[in-house]
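Structure, as structure tokens:
Values quoted throughout were computed directly from the atomic coordinates according to the rules given, and no laboratory measurement underlies them. The model shown is predicted, which means the values in this text are computed figures rather than measured ones. Here the Cβ is made from the backbone with ideal geometry for all residues, glycine too, and neighbour counts use every protein chain on show.
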């Protein structure tokens with residue numbers, strides 16, 4: 001029988017476990033990781049038009065949602081599996097867990113499998129900071145963070161690494177969350193104020209990050225709380241029926257989004273008419289449209305997270321693995337000596 | 001800080017490698033595996049109406065396609081990643097590689113990750129045999145297999161295990177493929193005839209399985225080759241632009257399909273009008289409609305593969321792992337002591 005020699009190790013897919021991801025992030029350093037990741041995210045926003053884009057494929061249940069987020073730039077394909085289960089926290093589980101895969105479009109073979117719970121937290125924060133680079137007031141140095149859960153510290157670190165934010169004003173309805181956030185960020189060169197109300201948190205902040213969970217149509221910010229010139233980084237309004245901002249804030253803000261067809265379903269703007277004008281972040285990054293144009297402008301980044309950002313994160317991790325050993329090799333792809341001889345491989349395994 | 005104790009081992013996802021899948025299949029025995037898997041497939045076809053069904057999410061390129069196939073029965077969610085790259089064979093790679101995930105809908109947490117290249121070959125064959133149970137002529141004992149590639153032996157084994165097929169008539173345009181198939185099936189109690197034309201292969205066969213690849217709108221079977229009473233198990237017409245049967249055969253056959261919205265795009269019936277009548281396999285299995293009703297009837301199972309079949313296969317493998325040790329444990333899900341303390345987990349890993 002003709003048995004051509006396949007490329008060596010084609011059955012193997014590199015896998016980055018949670019432990020390896022933590023080692024990788026700590027090896028690089030959280031701030032450097034966020035800064036480098038932000039470059040990949042910006043690069044891919046610049047290449048926006050060549051991506052194969054589709055709204056995420058969601059499977060809803062009464063307890064939560066499981067989503068697949070695929071995209072491709074024509075050479076590389078990536079997707080993320082992610083769940084969203086707000087009730088999980090009470091049961092000692094993560095609201096969001098995720099893993100992702102990067103593949104070679106030419107062969108269809110997976111080239112990377114990685115945990116993405118930690119990586120999603122990092123990419124979400126890096127994306128927020130990239131948007132703020134174009135939208136926040138000049139020389140902003142103070143950020144309010146309303147909602148001090150799992151994503152809050154990552155947001156703080158990204159805004160420090162990428163925008164130089166030093167002063168944080170933290171608020172959560174659960175004070176223990178604020179304590180946890182402040183504790184984790186101690187020693188990271190922040191000037192931290194623990195606030196007792198969201199109004200208090202807004203005092204003197206040029207940027208406000210809203211990142212609450214577990215609320216349906218909540219009003220974390222009311223219109224009177226948001227002064228002129230503020231940049232709102234709205235993270236927590238990220239699925240149908242879940243928003244954080246009063247509609248009046250939206251009506252007087254310039255709204256910037258990732259992928260309008262998805263944001264109109266999942267973001268803060270689900271409260272508005274389908275034809276309410278929004279601006280696309282990628283066009284700001286490429287310079288096709290303006291970001292912030294005036295000191296008194298209220299800007300809103302209505303972030304829901306998009307597949308290209310995960311794609312950027314997967315690309316970055318894959319590139320970093322070349323230099324490190326923070327992965328293991330998974331025997332994931334059947335690799336018979338002769339491609340048509342899958343059954344023969346099974347037979348030979350039996351006699352072996 | 002309040003740190004509730006999460007369930008033990010929630011970071012772990014069982015992973016079935018290619019090696020473990022081969023060990024599992026050989027431990028159970030190929031025929032027993034196919035028979036037991038067929039029961040799961042039939043059970044899920046009986047529960048058809050409660051599944052969350054969607055056409056596969058495909059990313060096409062000039063070299064092939066990468067697809068995600070999700071489904072859910074409300075309690076369990078499953079998806080398969082699968083590529084289709086006909087040109088891969090020439091490069092020593094598989095045309096189709098796959099892996100799959102099963103998750104708990106209640107928590108959104110993945111509960112199984114497994115190779116599915118081998119498993120897809122098994123579920124495709126088991127599904128064909130399930131369909132043939134309802135559609136093939138009574139007391140059929142001879143099957144022609146046209147196309148003797150990677151799927152051919154699995155089809156033969158499934159038809160033996162589930163329908164008692166003993167006589168095989170093999171044909172491929174590449175004679176070495178036929179030699180490989182016959183060699184692999186020697187010692188499996190078949191009466192095998194290696195044929196030199198597809199006409200020859202059809203002699204005396206009550207069932208014909210067409211399972212060729214790498215052809216665009218090929219005509220593997222012409223109208224005059226198919227006598228009355230034959231059951232056609234058409235596997236190879238499975239993506240847009242790829243068919244195996246002459247249209248005239250379709251016009252005089254009773255056509256049975258898995259999920260009409262998908263089959264009309266991908267199956268043999270892409271050659272027909274969108275309103276051409278087809279019958280759904282699940283309704284045959286539940287007894288709502290008839291399968292074969294007459295000895296002279298030409299029946300066609302226009303198989304393209306559907307997400308529920310992968311779901312059945314994932315369920316079966318997961319159940320089988322309980323009894324065996326053919327898996328490893330992947331540290332895939334971030335599991336901080338306190339769910340909101342993802343960043344703290346990263347910090348503690350650094351100091352550890």
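Contact order normalised by length for region B:91-133, with contacts defined as Cα pairs under 8 Å and 6 or more residues apart; what percent is it?
Details: 32 pairs, mean separation 13.2, N = 43.
RCO, region B:91-133: 31 percent.
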Task: Shortest-first nm distances, residue A:9 label point to equivalent points in other copies (7 Å, Cα→Cβ) - done: 3.1
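To the nearest whole number, what is the average tally of beta carbon atoms from other chains within 10 Å of the beta carbons of peptide B:323-334?
For peptide B:323-334, the averaged partner shielding equals 5.
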Open item on the list: Within region B:134-159, list the residues whose amide N lies under 18 Å from a label point set 7 Å along Cα→Cβ of residue B:228.
Closed with: B:136-138
TODO: For region A:1-127, compute Rh as the Kirkwood radius over C-alpha pairs and then the Stokes-Einstein diffusion coefficient at 4 °C and 1.567 mPa s; write the answer in µm²/s, rounded to an integer.
DONE: 78
- [ ] Quick one: compute a quarter of the convex hull surface over the Cα atoms of region B:128-306 and quote it in nm².
- [x] 9.1
Task: Estimated FRET transfer efficiency (residue A:191, residue A:12; beta-carbon r; R0 41 Å; 0.05) - done: 0.30
Task: Rel. contact order, % - alpha carbon contacts under 8 angstrom, at least six apart, region A:136-305 - done: 22
Open item on the list: Once you keep just the Cα pairs under 8 angstrom separated by 6 or more residues, what percentage relative contact order results for chain A?
Closed with: 22
Open item on the list: Treating the point 7 Å from Cα along Cα-beta-carbon as the label, what are the nm separations from residue A:222 to the other copies, to one decimal?
Closed with: 8.1
Task: Rounded to 5, the percent of DSSP beta bridges in region B:128-306 classed as antiparallel - done: 5
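Could you tell me the calculated FRET efficiency between residue A:32 and residue A:322, based on Cβ-Cβ distance and R0 = 25 angstrom, to the nearest 0.05?
Here the calculated transfer efficiency is 0.90.
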- [ ] Give me the distance in nm between label points sitting 7 Å out from Cα along the Cα-to-Cβ direction at residue A:47 and residue A:293, one decimal.
- [x] 3.1
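Order by neighbour count: A:278, B:105, A:317, fewest other Cβ atoms within 10 Å first, most last. Kindly include the intermediate steps, with their values, before the conclusion.
Values: A:278 19, B:105 23, A:317 30.
Least crowded to most crowded, the residues run A:278, B:105, A:317.
Subtract the Cα-Cα distance of residue B:203 and residue B:286 from 0.36 nm times their separation in residues, and report this length gain in nm to one decimal.
26.6 nm
Where both residues lie in the protein assembly as shown, what percent of DSSP beta bridges are antiparallel, nearest 5?
50
Work out, in µm²/s and without decimals, the Stokes-Einstein translational diffusion coefficient of region A:60-192 at 37 °C, 0.692 mPa s, Rh from Kirkwood over C-alpha pairs. Could you put the intermediate results ahead of the total?
Details: Rh = 16.8 Å.
In µm²/s, the coefficient rounds to 196.
To the nearest whole number, what is the average tally of beta carbon atoms from other chains within 10 Å of the beta carbons of peptide B:51-57? Write out the running numbers ahead of the final one.
Values: counts 0, 3, 0, 3, 0, 1, 6.
Across the residues of B:51-57, the mean count of other-chain Cβ atoms within 10 Å is 2.
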- [ ] Give me the Debye-computed log₁₀ of I(q)/I(0) at q = 0.06, 0.07 Å⁻¹ for the protein assembly as shown, equal point scatterers on Cα only, no solvent, two decimals.
- [x] -0.39, -0.51
Open item on the list: Binning at 20 angstrom from zero up to the longest distance, how are the C-alpha pair distances of chain B distributed in percent?
Closed with: 29, 55, 13, 3
- [ ] Give the nm distances, rounded to one decimal, from residue B:203 to the matching residue in every other copy, measuring between label points 7 Å along Cα toward the beta carbon; shortest first.
- [x] 9.6
Task: Cβ-derived FRET efficiency at R0 51 Å, residue A:275 paired with residue A:75, nearest 0.05 - done: 0.90
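Just from its helices, what would the mean residue ellipticity at 222 nm be for chain A, if runs of 4 or more DSSP H residues each count -39500 (n - 2.57) and the sum is divided by every residue, rounded to the nearest 500 deg cm²/dmol? Don't jump to the answer; show the numbers that get you there.
Numbers: 11 runs with 117 residues, N = 352.
Computed mean residue ellipticity for chain A: -10000 deg cm²/dmol.
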